[in-house]
Every structure is written in structure tokens, then in C-alpha cells.
Amino acid sequence: MLRIVNGRVHDPSHGVGGEVRDIYIQDGRIVSGEGLDPAQARDMETLDAAGCAVLPGGVDIHSHIAGAKVNSGRIMCPEDHYGHVRAATDVTRPGCGLIVPSTYETGYLYSQLGYTTVFEAAVPPIEARHAHEELMDIPMLDTGCFAVMGNNYLVMKVLNDPDPVRRRERLRGLVPWLLRASRAFAVKVVNPGGVEDWKWNAGAADLDTPTPPFGVTPRQIVTGLAEAVDSLGLPHPMHLHCNHLGDPGNVETTLATMETLSGHRTHFTHLQYHAYGRTKKGGFTSGAARLAEYLDAHPEFTCDVGQIVFGNTLTMTSDAPMEFKLHKMRGAKWGNCDIEMEGGSGLVPVRYAPKVLVNAIQWAVGLELLLLIKNPWQVFLTTDHPNAGPFTAYPEIIRLLMDADYRRSWLEKLHPRVRRRTVLFDLDREYDLDEIAVITRAGTARRLGLSSKGHLGAGADADVAVYPILSDKAAMFSRPRFVLKQGELVVRDGQIVAERTGRTLCVAPEGYRQLPEDLAETFAGCYTVKLANYMVEDEYLRRPEVVPCG
Amino acid sequence: MRINGVEIVDTFAEAFPMHGARVRVTAVNDRWTRQAALAATGFATSVIGCGIEAGIEGASPETPDGRPGLDCLFFGMSRDALEKQLLKRIGQAIMTAPTSACFDGGLPECPDQEPETLPIGGKIRYFGDGHQSSKVIDGRRYWRIPVMEGEFVIDESFATAKGVGGGNFMILAQSDEAALAAAEAAVAAIGAVRGVILPFPGGIVRSGSQVGSRYAFLPASTNIAFCPTIRGRVPGTVLPRGVNSVLEIVIDGLTPEVVAEATRLGVLAACRDGVVQITAGNYGGKLGKHHFHLCRLLS
Amino acid sequence: MGEARNRADLIIYWGCNPVETHMRHLSRYSSLAKGLYTPEGRKGRKVVAIDIRPTPTTKGADLFLQVKPGNTFEIASVLRALLRGERLEEEAVAAVAGVPLASWREVAEAIKACRYGVLFFGLGVTQCRGSDINVEQVGLLIQDANVHTRFYGLAMRGHGNVNGSNQVMTWLTGYPMSVNFSHGFAQFNPGEFSVLPMLARGEPDAALIVATDPGAHLPADAVRHLRSIPTVAIDPHKNQTTPWATVVIPVAPSGVAAAGTFYRMDNVPLRVRKLIESPYPSDEEVLAAMKERIDHALRA
Amino acid sequence: MHTHVKLTLRTPPDLPVDAQSLIPESFVGKDQADIGALPLLLGNRSVTVADFFDVAILPADPGDGRTEEAREGGTLHLCGDLSRFKHIGEQMACGRVVVDGSVGSHAGAFMTGGALDVNGEAGDYLGAHMSGGRITVRGSAGHFVGAAYRGYVFGMTGGSICIHGDAGHMVGARLRRGLVAVGGSCGDLAAYGMRAGTVLIGGKSRVRAGANMVRGTVILLTPPEAIMPTFRYNCVYCPGFWPILHASLAGLGLDFPGVSPQAVFESYSGDINEGGRGEILLCRNAN
Amino acid sequence: MQLHQDVVCTFCGCLCDDLEVEVEDNVIVGVKKACVIGKNKLFHDSHPDAPPPSIAGREVSIEEAIDEAARILARARYPLIYGLSSTTSEAQRELVAIAEKTKGTIDNPSSY
């Protein structure tokens, strides 16, 4: 057994807000200290957390850490790696990179911030084997991945079924099959219909733009999949990247999508990129307030922000058409990959600069969402790593949320017109540690349906992050005193002291065990791999853990 | 004091600080170098009417492109005025001349001043309409502007320094022939001095001026105290009897020292037969910062 | 390649000869395949071939441009210029790579006119004068093409899992090839840390060769250096390296007697299976054991 | 402080050596023992300067003291065949490194100031990413002179590199600013993708000079194998800056007999795929 | 006799995954759908022509050969690890780990 003593515990799931409590750990889980013989407690291995905040390990709900497009990003940007290297030590392997770190480095960097669980947010099923291969090589973290379905041919074929009952039923069979084929944890939808549209060389998809070849609309795609996810009781709701990412005025599309989905549990990802109003001349303004208002009235919705971090980064998304647009706009390097019948992906390096008005507005919009949405259980901290910036910037963002003076000090560094286009600098709200705990672990874990994560109650996974309480919150969260992974000390004073292999989280909802004959025939007709070679085998899951459906 | 029988009045020339720059014009041969330099420094006798004072200082000791070069000095009442005129004159008179190029001649004689530069090439480049390009050689940026005959090369920036404008002396002579001969001799003598120019035609001015006028619209008017034809009716005349013609030499220079030296050589050369007196113009010492006492210079 | 099969109405084979080297490529993935939106198969597609000599692949093309060797970069540049609508002066650029400009115009027009084009390029592009810069230029060509239509490029990878080796190295080290760990972390620099120049400079003092046959594939001077240092060869078969290698370790052939993952040329990973039993361990098993022993030796 | 340190190589190593420590800054103010203890990486193991070199601290050489660089940062004098020593002079900011012998790759890479003089040959990536200072190589240099490491958009951003002998492929590739001058011949893709600056090749250049260049000037004093089809012919003229550059090169010790300050050049604009604002100047006098 | 369906061919980058392979007595006796080269490779891989484990030409056990290889690589000061092209990503991972441990250089035939 092991105990953490004298720390101020922030466990918002249990309403514990900074009281000094001891945490007891046995066999990788948190156990109750009640009735423990004091002598026995004294003999335990003890970590002294005096002057520290004790939080559950961080849970990242949306990040890009593994798979084909991440790896393409690594190849595309060797210059990101040269200056960020980690030499091998007795406990760690070498690593490099910041924006697209190598797999081991990804695990180490997350762990050094006190994160213990991270989800890869976009995996096309046909490339899921690759994602799992990389996830196996990310230590320190429990991981899982989301299977992209918003432009999947089979999904659209089923959605095209005119009989609503049969359509629902078949989707309830197909979605679990795709999740199992890719050993994924949740359903991801990226620019529904829009990627397929792009392959036909068409313009951007609106909610009611029919998508070839079936003429299924994005509205039909999102409602169909949301219904399926609901009825299957998946632990995590549909994880939705809306249409028109990054376009001025896209807040209208986002609101229309929300209205369509109202009543369905939905997670809107990197909402910052979908929260732009439009000036008369077509310029950017913030639409964050309208979305915040909508979320305040709709507890079934959650979002993560995708907060912009100033500096260089690499955008990578399954939203291939958006990436091409970005490439033409910036004249930057571009990579693209169309994935057969399932989607696409693109890569473009970018630099977000505070003096560029659009970037400054994007930066403000993310913070506005975090500050305007009243209930912290509905909004989560992400940078959509690495799209809006690397996850290593989380401590800096936390400081911006917890310190209004510091936030205001940024005004002079930004493009002057940002003041007129946003309301950020009129907001005085400051997050407290409990709220930070919600947006970085408790809230994300709950939204992911992970009952043993994001809290410190008895029975929880003993994933714990202990931070020294400092007035500079960026410093506080960038160098944890201790991090425990499944009850073992892995980070001390910000340094990796032990390497641990995490688990792969997946789901196993009831659905098709085998594709029905017509879909199998469709599969054979449009895929270049055999059905028998499509499903990801057990060999690709390290320490799998099936999270039950509700 | 007297030199060669010419009286040197014990007075001083009063001169003002002016902002100066040295422009080094090169071209394929002496002829085209001179054409460009003449055009650029033409109609630049007095800031009063021309906005700038300029002249050809002499042959360039060396040129960046190894071609024949002439150094021209430009003096304006402010850096702004200087920049405005240089842009016009280089753009209209040097860039337009066949085979020309234009460089910053530098101001080595003014090492004590804070170095200030004007972005002359940096602005003239826009004539290239987006097709201009620059070349940095040994840390110095040159602009290359495509022109119909080839390309026009000009330094990005030109050094400026505070110099001296309005150094002068007057040659009071018995006849106009004598006055002119003396003035020409003075101009020839001053030609040996680097760092100065004589902005008036051939270095000589006959219509010297006084500040102000009885007409509100004129800032300056004819220097009545020195005009022989109205000697009898002007109470403040300074002309002794027997003076029938006066010519003035005006000197602009980069430093007081070179102006003084030019004055000294000029006066000495002007002390010839037929010259009655040599004096200088001033405003009682109230207006100008620089005073050049003739007798002190010559003793 | 699913997209090539299902969508491509224009296929360009450049510096590759899949009919002889990737024999089922045409029927499964490209010109001859019948796909979802290409039910007519070959009839519904335009096929262009660019190569330095006629091959069975070029024979099957609608348009064959026989080019002079070593001009990949120039060809890509001219096609880019044509796609960008740049003025090319016929008097100066009468021919590129020995082919009249008019023919390149035809190719550029075909790209502009297609609905979905795919360019397959092979060693003729990647291994000719300019190597990696050629690939960069072909990449720019593809970008320029996407201004007009959807256009996609894919390198025809040779050996079964050479793409996998790029992928694995990239996620573990950050780089797809040519990585050095002298400092304890990965340094990447093709040329400096590439096998051919390193051997030519005589730098390595020991070598571990797995699943390739340098004795057969590398130039003589490179082999000479390998033969002068302790060399470990791991291979399922006798080859031109095993007779002289210092240590030879036989293994079970992957995909026949050992299971594991291979990456297709378009990055789709597939699991290869064990069909028969081998008396020998797999590469993975041998290397895992070797790693442990190296670790032990280094810690000792 | 004025330092003059001389290192004499005893025996050339048979493995590559990473010699990042061989810059004047590492030596200033150190005694013989400290200098001998400076680290080098031989293959994959750490060794010291003393393992390879005889170390001598010399009185300030009045001859070296003449150059501004040496006065500011001291002189490091290396003797012997250092062709397996990589990264000599890398990141140096001041002072002077003189090598009597050849150096390996990355010499003077990321240099920001000072001077590196190699009286011998240099390897690949000479002066890669350098932003200031000057490099002179009496012999030949390898590939990627002043170029960018893979992934970067820009290579060298300032300073000058002067090679009296030949150079390999990609001379001045992705140059952003500065001068790369090669007295002898060079390989393919000189000035590839350059953004601005000047690349001059005295001898024969092979193919694709200036390919994908955005701005800047490529000066070829000897006719190349071919000019990229994506360059358009302009005219024949004497560029106004050429006499100035000619004099500057002469100052760097690069003389081109037969190419006068008034030489005329064929001018080409390109690369048209990148906007066509760059130029190739092809000397006419030479033939 | 065993019939394996949907077998992945490992010869080239196409990885055709629809092969039918017949195995009898641990020997491949039939291959369908593969191209000529793929078929030959499968037969070749099935054919026992493995080199005997050896050190300096002397036949040894596999274990001894691995020991000696480890000794060579642990001692090396600039080892080169090369190949990787026709093996599994699982084996490639081990090779990267060996390169890290021996502080060596790792490269594959796609380098230039």
C-alpha cells in the first residue's frame, strides 16, 4: 500500500474542494483509509504532499497522438524534432518533438504534466491497426481512439435507407461493427459529408447539402449517428467536428447543428473553431457568447475548446478540404491522404501570431468559451493537439483562466482590433482549482463515461497528479511534484522516474458480429482489402479494458 | 587689414546650420556623369526659391562600381526638406540619365555627429513597380530598379549630417570686369577645397538678398545696402565711393572648418587689382550660429 | 489505393512498371480495376505513362511519353508551369526531356480535365538524378493539380514492408530513415546517416543486417567495407551476404512462418499470418532476445 | 581577452567525431588542462580534446590580431586532417577558427559571427543555417553549402561563404540572405528554392541551378549544362551591381580571370512556378 | 491439407490480401490468385534453404549466434543497423530499440 499525505485534495466529483486529506492506494486503485490501523499506515510507503494540490490524473478528451496522419506529420516536420530531444536514460527511451512528438516522447510529456489518460480523436477504421500500433508504443498513459464515421461509405449507404425503422436498426448494427473493427472507444464525426464532397471536387458542405453518391445530408448523418450512439448507450456520446471549420460566420452552422441534435447527448469538439461570427465585410468576430448561451440551456451538450496557442504548430485533421484551403491561404507545406471510402486527412504547418487579427480572435474565442459557459462540466480544456497548439501549453492556458490580470496583460500583445471583435477583456471570471480539475480531468472522465477515472474516490484508478501550490499557475501545472499511474510513482518533481505501460480502452456494444450479406458485398465492391483482413486483431491491444455501455 | 591693397573689412559672415548629404553619381564616362550631376544640382541656388542648395563638389575619389564619378553636395534646411528634394532630383535627374548609378558618398568629415541616414534608394525603389530588387554587398544594400536601358542602381540609404549653409563674402570692385575677374579667381581657388559647394551659377551671385521685403508676399528682396545704382538714395548703404560693382560668393559646406578654409582661399584669390574692399554679410550675429571673421581667417 | 480504384478517371504511371514489378497493381488497384464509380474499368479511365523506355505498362497506356533519363525534375517543373497557366516560350522550351512541349500540354490538360487523378511514381522518379528533391517537386505538382481538380500521388514502394520500416522508425524516432543515436537521442540526416555514403566513407565498425541482402543490392565498395567489419546477418534464406557474414542467424520467413504487421504502399497496415511452422524463431523473437543480451552486456 | 590556442591532431580517428566544442568561445580564458578536458564524441563514446590533440596556448599572434574577429573572440588554430571531425565552428558567434587541414561536415553551421578559415577541404553542410560571419575554404566543399536541414524553409540567413575550390549539390539551397561564392564548379540544384541572396558559381555548374527560386540572384560565370525550362530569357546587359560585387569578391580573395567588372550577362527570370522574381545571370565573357 | 484464405502476400508494396494458400505437411503446395513473383516467393519461403546459424563460418546454435551478435553490437562504437524492409513492424520496433541501446545508426533501403 501507498499513501499520499498532507495534500489539499481537489476531487470535484465528490465535492472535495481543497481539504487536507490522505489518499490510500492499493493494487493500482484508490482505497478508503477508514478503519486503517494507524501503525499500519505509518509503515506504508508515504508521499508527502504538504503544500500541494492533489488531483486525479489528467484525462484528455481530444488529442492527436497516434496513427497515419500523426506519423505523416512527423515525417513532414523534422524541423520540429531537432530542437526538442530527450536522450535515453536508465528509465526512459529517447524521444523527440514538441508539436508532433515521437510516441514515447508523447507519453513522457503528457505524464510530466500530470496526465494519465489520453484519447486519439480521429482514426479511420481501415487505418486503426496503425493507430493501435503507435498507441502500444505510448507509455505512461491509458489510451483509446475514436473511429471516424461521418464520411464512411457504408454508413451513408445505410443512412440512405428510406425505411426509418430499418435504417435505425441497421445503423445500430453497423456502428458497433465499425467500433469493433477499429477497436475504438467512441464514434467520431468529422465535417460530415464534407470530406466526401471534396473528393467530388465540390464546395463546402452545409447542413443540408446532399452528399454524393447517395444524397445523404450532413444533417441526416449527424442525427442518424447520434441516435445510434444514444440507443447503444456508448459511454461517450457522438464526438462531433461540425461543418465549416474555421469559416467566418460558421457559428450559424454550429447553432443549426445543435438545434438538430438537441435532446441527443453530443460532444462538440474544438468548438473554438466553430464559433465565429462574421462582419459585414466577411471578417471574423466572436460567436462564443451565442454558443455559450445555447450550451447553458442544453445540459446534454458538452464541448472542448481547441484553444489556440501562439507559435508554430501543425494542423492535422480528417477535414481534408479545410486543410487544402489552409494550404492555399498560407502557401505552406501540405500533405493529404484520401482514405478509401472512409474519409480523408490533411496536414498543414501553421503559425499563430498574436498580431494577426484572425489568430488573436481565435485565441480570444477559445478563452471566451471557457469563461462564458457557466457549468465547467460542459466545457473542457484541449488544444486539439497539435492543431491549435501543442498540449504542453495546458499550464499556460490554465494560468490564463485562473488569473484575470495576467489575461488582461495580453491585450497589448494582440492585434488592436481584437477588443472590438470579442468580449474577452470584459470578463472577470477566474477559475479556481476545483474548476480546473473539472475541465482537465473530472469533467472529461465523466463525459467519456469512465467511472474509475477523474476522481479520487475508493475504487478509482490510482492515477493521481500532485502539484505544488504556486501563485504562478503555469509553473504549478507544468512541474508536478508527483504523478502516479495505476498506483505507481512515475514522475517526481517533473522528471520521469519510472516507465509504465498503460491500458487500451475500448467498447463492445452489441451489434453485427458479421456484416449482413448486402453490406459485405458492398464492402467487397469498394474496399481494396478483404473483410477478413479488415478487423483489428487482439494482438494490437495492449492490456485492453472494455468500458461497459450503459 | 589690407591684402594686395584690398581692404578686408573687419566683419564676419554669418552662416546657418543646414542638413547636408553627399551624392556620388557615376556613369559610363565623364560626359554622362557630368550630365547627370548637372541636372541633379541644377536650379538649386538658394533654399529660398529652390528648396535646396546643391552643387558639384568634384570628382569622386573612388566609386563603388569603378566608373567615373562626381560627388554632389546637397543642403537643405531640414532633413525632411533634404529628403524630399533628393528623391525628386535623384529620381528625375540622375535615374533618368543614361548609364547612371547613384551612391551615398558618405560623410567622413563629420565623424562626431550621430550618424543619420535618409532612405533615398529605399523609397526611389518603388519606381520599380514591384520589380525592383535589392542586393546586399558587404553589408550595404543597393536597390536595382529596372529601366528601359538596363537597371538603375542606388544605395538604400544616404548619410546626412548637420553642415553649414550661407558662408559668404562680398567683392566690392571698381568695375564689373574687375568684380567678375576677382570672383572667378575666388571660385577657382575654392575648387580645391573638398566638402564645400558654391550653389550659385558658376559659384557667383550678383543678386545678393536681404531678409524681408516691403511686400508681404516676398520673404527676401535685393540687398539694397550693396546695390551701387541706388547708393545715393539708400541711407544704409555700405558701399564706399568708387565701388561700381559687387559680387558675392556663397559657400555651403559640411563643416565650419571647410567653409572657413574656402572663405580664406576665396578671399585671398579675390584680392586683385580693381577690387576695393572685401566684406561679408551678417545679421549682427543674432540669427546664424556660425560666424566667419574675415580678418581672423586671413591672419 | 481504394480511391484510385473507385474514383480515378486519370491514372499516370511515371517511372514505374507495375505490369512487371507489381503485377496485380493494375487489376486490383489501378487502371484495370473496376471500382465503385469506375464500373467500366479501363475503358472509363485515361492512362498516361511516362518512362525512359517502352515497357508492358507503357504499352497499355493511352498516352506514352518516352523521356530522356534524368529529367524528372524538369518534367515536374514544366507540368507545374502548364497547370499554373504560365507562359512557356516554345522557342526556348521546344522540348522537355526529349518530348515536345505539345505533349506535356496534353498531359496538363488531361490533369485539369479529370475528375479524380492519381499519379503512381516509381524508382524512375525517386532514384533518378535529384532523388528526394524530385519527390518534393512531384509533391508540388500534385498541389498545383489540386487547384483544378482532385489529384493524388503515391509512390510505388518495392519490398513488402519498406513503408512499414519508414512508419515504425518515424513514430519511434521521429524520422523515417537515416537516424543516428550517438548522442543518446535521434539525429536525422540522409546522406550523413544513410547506408551507402556511410559505408563508402568506411565509418561503421559493426553491422546488423536484417531482412535484406546487401551482398546482392549494395555497390561493391559498400560490401567491401561490410566484409571488413563484424557483420551480423539475419535472414530466412541463404543469400549473397550469409556466406561471408561474421554471424548468421536463420529466421522464420515473415508472412509465411511468422505473423506480424506490414504496411501497404498507401499506409494501410495489414496483418500477415503464419501459414507453416518453421524450425527457426521469428525476426521479432531473435531481435528481442538480442536486445536483452545487449542490454545486459551494456549494463555489465 | 585575447586568446590564441593551437590544437595539433596526433592521429586521425577511424570513426566520426562530433566536435561541437571546437569553437573559440569554449577556449577563452581556459588553461591547458581545462582545454584538454573539453568533450568530444568519438563514435558513440565520450572522449576529450586531449585524447586527440596536443594543446598549446600561444601568445597572441600579432598576425591574427589584425583581423577584427580574432581581436574580439580569440583565435583557435587547428592543425591536422580533421575530415572526420564534424561540427567544427558550429554556432560560433565571435573569434576566428583557422584550420590547417580538412574539416568534416557541418563546419560553421548555425554560425552567427566570427570567421572560419579552412586551409583544406570541407564536408557537407558547410555553413548551413549560418546567419552571420564569414567562412573561407581554400579547397573544395561538399554538398548543401549554406543550405537548410531537412524540413526548414530557409537555410543560411546572412554572412558569406567563399569556396575557392569546387562544391557539391545544393549549394546555397533555400538561401534566405547572404552570399555563397564558389570559385570552382558545383553540382546540381545550386540555389535550389532560394528566397533571396546571392549564389555565384565560377566554374561549371551542372543542372537545375536556381530551380524553384523565389527571389535572389544566381550568377554563373561558366555556361551551365542547362537552364531550367521554367526560366524566361530577358536580355544581355551588365548589371549595375556586378562591378560592386566583383570588387567585393576580389576582397575575399576570389578572382576570376577573364571576367571583368564590366562583364555582360544573359539575364533570365524565374522560377516562374514560384513567381518568377528571381534571376539567373549567365556570364558572356567567359567564352 | 490446410487451405488458407485471404492470405496477405508480402512480396511487394501492394500487399495483395486475397491469396489462397494450400499447406500440406507444413509445406506450401499450392498458391492461387497471386502473381508469379508472389507465388514464387511463397514457395521459396516454404522451401527450407535457411543458412545454418554460424559464427565466422562455424556452425553454432541459434542461442550462441544471438549471444555473439549481442557481444559484437554491445562492443561496437559506430554500429550500423540496416535492412528492415522485408520484415514485420514488430521486428522493426526491436531493431529501433537495438539502435537506441547501441547508440548506433539505423537505416533502410528507402534512404537516399
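The values are calculated or read from the model by the stated rules, or taken from the named source; none is laboratory data. Bear in mind the structure is a predicted one, so any value in this text is a computation, not a measurement. Glycine gets a Cβ as well: all are built from the backbone with ideal geometry, and neighbour counts include every protein chain shown. Surface areas here come from the heavy atoms of the whole protein model, side chains and all, with no ligands, DNA or RNA. Shrake-Rupley method; radii C 1.70, N 1.55, O 1.52, S 1.80 Å.
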Next on the checklist: Suppose we keep only residues that are open to solvent by less than 30 Å² (accessible area, probe 1.4 Å) and part of a helix (DSSP H, G or I) within the stretch A:1-46. Which one would you say is modelled with the highest pLDDT?
Outcome noted: A:Pro12
Checklist entry - Any idea which residue in the stretch A:354-411 is nearest to A:Val305 (Cα to Cα), counting only those that are outside any loop (DSSP other than H, G, I, E, B) and among the small types (Gly, Ala, Ser)? => result A:Gly366
Checklist outcome for this item: By my count, strands (runs of 3 or more DSSP E) wholly in the stretch D:62-133 with at least 2 residues that are at pLDDT 95 or above and within 14 Å of the chain's Cα centre (by Cα) are D:96-100, D:115-118
Next on the checklist: What's the number of the only condition in (1) open to solvent by less than 10 Å² (accessible area, probe 1.4 Å); (2) within 11 Å of chain A (Cβ to nearest Cβ); (3) not hydroxyl-bearing (Ser, Thr, Tyr) that C:Arg28 fails to meet?
Outcome noted: (1)
Next on the checklist: I'd like the residue in the stretch C:232-281 that is on the phi > 0 side of the Ramachandran plot and facing chain E (nearest Cβ under 7 Å) and, out of all such residues, is surrounded by the most Cβ atoms within 10 Å (Cβ to Cβ).
Outcome noted: C:Gly255
Next on the checklist: With the requirement that a residue be touching a Pro at 6+ places or on another chain (Cβ under 7 Å) and within 16 Å of A:Ser72 (Cα to Cα), what does the stretch C:148-173 give you?
Outcome noted: C:Val162, C:Asn166, C:Met169, C:Thr170
Next on the checklist: When the residues of the stretch D:228-252 are narrowed to those that are open to solvent by 40 Å² or more (accessible area, probe 1.4 Å) and part of a loop (DSSP other than H, G, I, E, B), which ends up farthest from the other protein chains (Cβ to nearest Cβ)?
Outcome noted: D:Leu252
Checklist entry - Is it fair to say B:Val23 is in a loop (DSSP other than H, G, I, E, B), among the β-branched types (Val, Ile, Thr) and not assigned by TED's automatic domain parsing to the domain that holds B:Leu198? => result no
Checklist outcome for this item: All conditions in (1) assigned to a loop (DSSP other than H, G, I, E, B); (2) more than 29 Å from C:His148 (Cα to Cα) are true of A:Ala202 except (2)
Checklist entry - Does C:Ala113 satisfy the condition of being more than 8 Å from chain E (Cβ to nearest Cβ), open to solvent by 10 Å² or more (accessible area, probe 1.4 Å) and under 16 Å from the mean Cα position of the chain (by Cα)? => result no
Checklist entry - Looking at (1) in a strand (DSSP E or B); (2) hydrophobic (A, V, I, L, M, F, W, C); (3) surrounded by fewer than 21 Cβ atoms within 10 Å (Cβ to Cβ), which is the only condition C:Val147 fails? => result (1)
Item to check | the stretch B:59-93, residues that are open to solvent by 20 Å² or more (accessible area, probe 1.4 Å) and assigned to a strand (DSSP E or B) | outcome: B:Ala59
Item to check | So C:Glu285, is it more than 7 Å from chain E (Cβ to nearest Cβ) and charged (D, E, K, R) | outcome: yes
Item to check | Residue in the stretch D:213-227 that is most open to solvent (accessible area, probe 1.4 Å), counting only those that are at the interface with another protein chain (Cβ under 9 Å from one of its Cβ atoms) and in contact (Cβ under 8 Å) with a residue 40 or more places away in the chain | outcome: D:Arg215
Checklist entry - Pick from the stretch C:151-166 the residues that are more than 7 Å from chain E (Cβ to nearest Cβ) and out of contact with any helix residue (DSSP H, G or I) (no Cβ under 6 Å at 6 or more places or on another chain): which of them is farthest from C:Pro253 (Cα to Cα)? => result C:Tyr152
Checklist entry - Can you tell me which residues in the stretch C:171-211 are within 7 Å of another protein chain (Cβ to nearest Cβ), over 25 Å from D:Gly151 (Cβ atoms), over 19 Å from the mean Cα position of the chain (by Cα) and open to solvent by less than 10 Å² (accessible area, probe 1.4 Å)? => result C:Pro204, C:Ala206, C:Ala207, C:Leu208, C:Ile209
Next on the checklist: Let me spell it out: the conditions are (1) outside any loop (DSSP other than H, G, I, E, B); (2) closer than 22 Å to C:Pro279 by Cα; (3) facing chain C (nearest Cβ under 7 Å); (4) under 15 Å from the mean Cα position of the chain (by Cα), and E:Ser86 meets all of them except one. Which number is the exception?
Outcome noted: (1)
Item to check | Residues of the stretch C:126-141 that turn out to be of a type in the set (A, V, I, L, M, F, W, C), open to solvent by less than 20 Å² (accessible area, probe 1.4 Å) and more than 12 Å from chain E (Cβ to nearest Cβ), as a count | outcome: 2
Checklist entry - Pick from C:Val78, C:Val93: which is in a loop (DSSP other than H, G, I, E, B), hydrophobic (A, V, I, L, M, F, W, C), within 11 Å of another protein chain (Cβ to nearest Cβ) and touching a Leu at 6+ places or on another chain (Cβ under 8 Å)? => result C:Val93
Checklist entry - Any idea how many residues of the stretch B:1-36 are more than 13 Å from the chain's Cα centre (by Cα) and open to solvent by less than 10 Å² (accessible area, probe 1.4 Å)? => result 9
Checklist outcome for this item: Residue hits (the stretch A:63-92; of a type in the set (Lys, Arg) and either surrounded by fewer than 24 Cβ atoms within 10 Å (Cβ to Cβ) or touching a residue at least 40 places away in the same chain (Cβ under 8 Å) (or both)) are A:Lys69, A:Arg86
Checklist entry - Among the residues of the stretch D:174-207, which ones are in contact with a His (Cβ under 9 Å, 6 or more places away or on another chain) and within 11 Å of chain C (Cβ to nearest Cβ)? => result D:Gly187, D:Asp188, D:Leu189, D:Tyr192, D:Arg206
Next on the checklist: I'd like the residue in the stretch B:257-299 that is surrounded by fewer than 20 Cβ atoms within 10 Å (Cβ to Cβ), among the small types (Gly, Ala, Ser) and under 19 Å from B:Ile204 (Cβ atoms) and, out of all such residues, is farthest from the chain's Cα centre (by Cα).
Outcome noted: B:Gly274
